[in-house]
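Student: Okay, handing you the structure first.
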Amino acid sequence: MGGTFQQEYTTIIYGVGEDSSAHAADRLDAGTDRVEISPEWIEKVVDSRVHPKINGLRVFAIPVRGSNRATVAYIVEVTQGTTAHKASDNKYYKRRDRTVSAMVDYEVRDAMAR
């Protein structure tokens with residue numbers, strides 16, 4: 001039986017300013033120097049600080065208009081996981097809207113059972 005499998009991604013955008021009253025992106029910020037922080041550097045940091053490794057991590061550099069070619073915003077895409085991922089401080093974290101907090105035991109077990 002043929003079929004296609006579509007991968008689901010969570011997308012994180014670095015380099016976008018937010019209107020805090022509307023909870024929405026409203027502008028590009030000044031960007032990041034691609035020489036100082038490269039897509040490869042971002043991948044290495046994530047690989048060294050998150051366990052198990054996140055498969056399917058993708059980082060895209062988007063040039064910021066009106067700046068030099070080295071100034072970029074980053075789009076980071078992460079595939080939907082099949083387990084919980086632990087940070088380098090041996091804690092599991094969750095994000096809800098704009099807050100990040102450590103997960104409690106039952107939340108970790110629930111995430112691993114998905």
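Student: Output the strands (runs of 3 or more DSSP E) that fall wholly within the stretch 41-114 and possess 1 or more residues being surrounded by fewer than 14 Cβ atoms within 10 Å (Cβ to Cβ) and in contact with a Lys or Arg (Cβ under 8 Å, 6 or more places away or on another chain), or say none.
Tutor: 99-102
Student: Could you pull out the residue among 97, 26 that is modelled with pLDDT under 90, of a type outside the set (A, V, I, L, M, F, W, C), in the same structural domain as residue 110 (by TED's automatic domain parsing) and more than 23 Å from residue 109 (Cβ to Cβ)?
Tutor: Result: 97 is the single residue among 97, 26 that is modelled with pLDDT under 90, of a type outside the set (A, V, I, L, M, F, W, C), in the same structural domain as residue 110 (by TED's automatic domain parsing) and more than 23 Å from residue 109 (Cβ to Cβ).
The rows are residues; the columns are (1) without any contact (Cβ under 8 Å) to a residue 60 or more places away in the chain; (2) closer than 16 Å to residue 11 by Cα.
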site	(1), (2)
38	yes, no
46	yes, yes
72	yes, no
75	no, yes
86	yes, no
111	yes, no
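Student: Taking the stretch 10-40 as the search range and keeping residues that are assigned to a strand (DSSP E or B) and β-branched (Val, Ile, Thr), which one is surrounded by the most Cβ atoms within 10 Å (Cβ to Cβ)?
Tutor: Filtering first and then ranking leaves 32.
Student: Those residues that are farther than 15 Å from residue 78 by Cα and either touching a helix residue (DSSP H, G or I) at 6+ places or on another chain (Cβ under 8 Å) or of a type in the set (A, V, I, L, M, F, W, C) (or both), I need them from the stretch 20-52; list them, please.
Tutor: 22, 24, 25, 28, 30, 35, 37, 41
Student: For residues that are charged (D, E, K, R) and closer than 30 Å to residue 112 by Cβ, tally how many sit in the stretch 16-54.
Tutor: Counting residues in the stretch 16-54 that are charged (D, E, K, R) and closer than 30 Å to residue 112 by Cβ gives 6.
The values are calculated or read from the model by the stated rules, or taken from the named source; none is laboratory data. A quick note: this is a predicted structure, and the numbers were derived from the prediction, not measured. When we count neighbours, we look across all protein chains shown, and the Cβ atoms used for this are built from the backbone with ideal geometry, even at glycine.
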